[in-house]
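**Q** Got a structure for you, questions after.
The values are calculated or read from the model by the stated rules, or taken from the named source; none is laboratory data. Everything numeric here is computed off the predicted structure, so don't read it as measured data. Neighbour counts are summed over all protein chains in view; Cβ atoms, including those assigned to glycine, are modelled from backbone coordinates with ideal geometry. The protein model used for the area step is the full one, side chains on, heavy atoms only, and it has no ligands, DNA or RNA in it. Shrake-Rupley method; radii C 1.70, N 1.55, O 1.52, S 1.80 Å.
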Amino acid sequence: MQPVLGKINRFFLFLLAPALGFLVAFSLVSPVDKLQTEGLKLPSAVAKSQADELRERLNDTKVQLRNVEVVIEDIQDRSKKEQKEYEQQNKNISSALEASKSQTQKSADVLDTILSNMLGKPIGQHFGKNSTVKVYSLQEGGYRGYMAKVRLNDPNALKMVLANNSVKSKGETTSQAGKRTGAILAINAGGFMADKQGNLTPLGITVVDGKIRTFSNNAKLSFVGFNNKGHLVGTSIKTQAQITQQGILQGASFLPRLLQDGKRLPIPREWANARQPRTLIGHFDNGDLLLIVIDGRRDGWSNGVTLEEAQKKLQEWHVVDAYNLDGGGSSAFYYNGKLLNKPSGGKERRVVSNLVIMP
């Protein structure tokens, strides 16, 4: 029996050998552990590579951020420098303005002294928000009249006004225009013509508040205008575009021009050496305006003045540019609610345009 059992056991042992071998191998090395170990090797390598790449990107970002910081610091430095330069420029401009104001005031004081020495003290003075006006009496040999020295604090204080605000009308006196507009000062302005019905229309070019009310290319007429800075602009106007380009807001026409840059201009033959009532306008070397009316044709009071005599006197008064406006019976000087001069016709003439100064 035992031999038979031994054979049977060996047979079964031989039959089970592969399984036993597998079990022994499985017990010695776990396939699961090996699989896990092999599987972890790849993710670990990938993670290290990604970490290295991330570090490189972080380093690059740090470099870029530093570059940005440098640029920002440079911009800030430039901004601070520009701010300092801007502040210094403002200081320089302020200093220049103060110096200019001081110089202008000194110039005005000198001019006032000169005029007072020649004409005496002003007979009327107005110190308003929009304008400063000083009125002098002219009592030169052979003629009488009035002169106003005007400083515009606001360019809009000077206005050219048409009678009844119309190009064609029956006209109005200078006093009426002054009272109607509430002006502190008014003088007659441009020349005009009348039709058979007594309607008056301006000669040449007329500009009111920047609007061209009449226009002419008549080269014989002189245009007297004022720009948006209140400066006297006397020039040869050939096109309407010139008026806009030069910023002219007010203006009228007559003739002739008397002074240019302080020098006398030739007087036309038909105007030469004629003693008449006059209305003149110009500006002094400090920029202040002058408005003059001289009476004439009145024996015992005033015989008038020639344009040649007017040129010499204007030069003595430090006038730079000057123009002759409509004169004769039209000449009128209105100040502070009153007509000061004595018109040659015994009363004021109705005219088409007047120059007024607001208080």
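**Q** With a cut-off of 8 Å between alpha carbons and a minimum separation of six or more residues, what is the relative contact order of region 212-359 in percent?
**A** Relative CO of region 212-359 lands at 22 percent.
**Q** Another question about this same structure. Within the set Lys121/Lys159; Lys168/Lys196; Lys211/Lys238, which residue pairs have Cα atoms separated by over 23 Å?
**A** Values: Lys121/Lys159 27 Å; Lys168/Lys196 13 Å; Lys211/Lys238 16 Å.
Beyond 23 Å: Lys121/Lys159.
**Q** May I ask you to list the chymotrypsin sites (Phe, Trp or Tyr not before Pro) in region 298-329 that are in a DSSP loop and have at most 16 other Cβ atoms within 10 Å of their Cβ?
**A** Numbers: sites: Trp301, Trp317, Tyr323; in loops: Trp301, Trp317.
Those that pass, being in a loop and sparsely packed, are Trp301.
**Q** Okay, next question. In µm²/s, what is D for region 305-354 at 10 °C and 1.306 mPa s, where D = kT/(6 pi eta Rh) by Stokes-Einstein and Rh is the Kirkwood radius from Cα pairs?
**A** 125 µm²/s
**Q** While we're here: Might you work out the accessible area of Leu280 for me, using a 1.4 Å probe with all protein chains in place, and round it to the nearest 10 Å²?
**A** 10 Å²
**Q** Ignoring any ligand, DNA or RNA, what whole percent of the accessible area of region 270-343 comes from carbon and sulfur when the probe is 1.4 angstrom?
**A** Roughly 43 percent, rounded to a whole number.
**Q** Would you mind working out the accessible area per residue for region 165-214, using a 1.4 Å probe, and quoting it in Å²?
**A** Using a 1.4 Å probe on heavy atoms only, each residue of region 165-214 averages 43 Å².
**Q** Under a 1.4 Å probe, what is the accessible area of region 242-359 per residue, stated in Å²?
**A** Result: 40 Å² per residue.
**Q** Can you send over the carbon and sulfur percentage of the accessible area for region 131-175, probe radius 1.4 Å, protein chains only?
**A** That share works out to 40 percent.
**Q** Then there is this: Placing +1 at every Lys and Arg Cβ and -1 at every Asp and Glu Cβ, with all other atoms neutral, what dipole size does region 268-313 have around its Cα centre, in debye to the nearest 20? Intermediate values should be presented prior to the final figure.
**A** Details: 7 positive and 7 negative charges, 37 e Å.
Dipole of region 268-313, to the nearest 20 debye: 180 debye.
**Q** Using a/c under 1.5 as the rounded threshold, could you call region 155-278 rounded, prolate or oblate? The axes a ≥ b ≥ c are square roots of the C-alpha gyration tensor eigenvalues, and prolate needs a/b larger than b/c, oblate otherwise. Spell out each step's value before the answer.
**A** Working: a/c = 1.38, a/b = 1.13, b/c = 1.22.
Rounded, because the longest to shortest axis ratio a/c is under 1.5.
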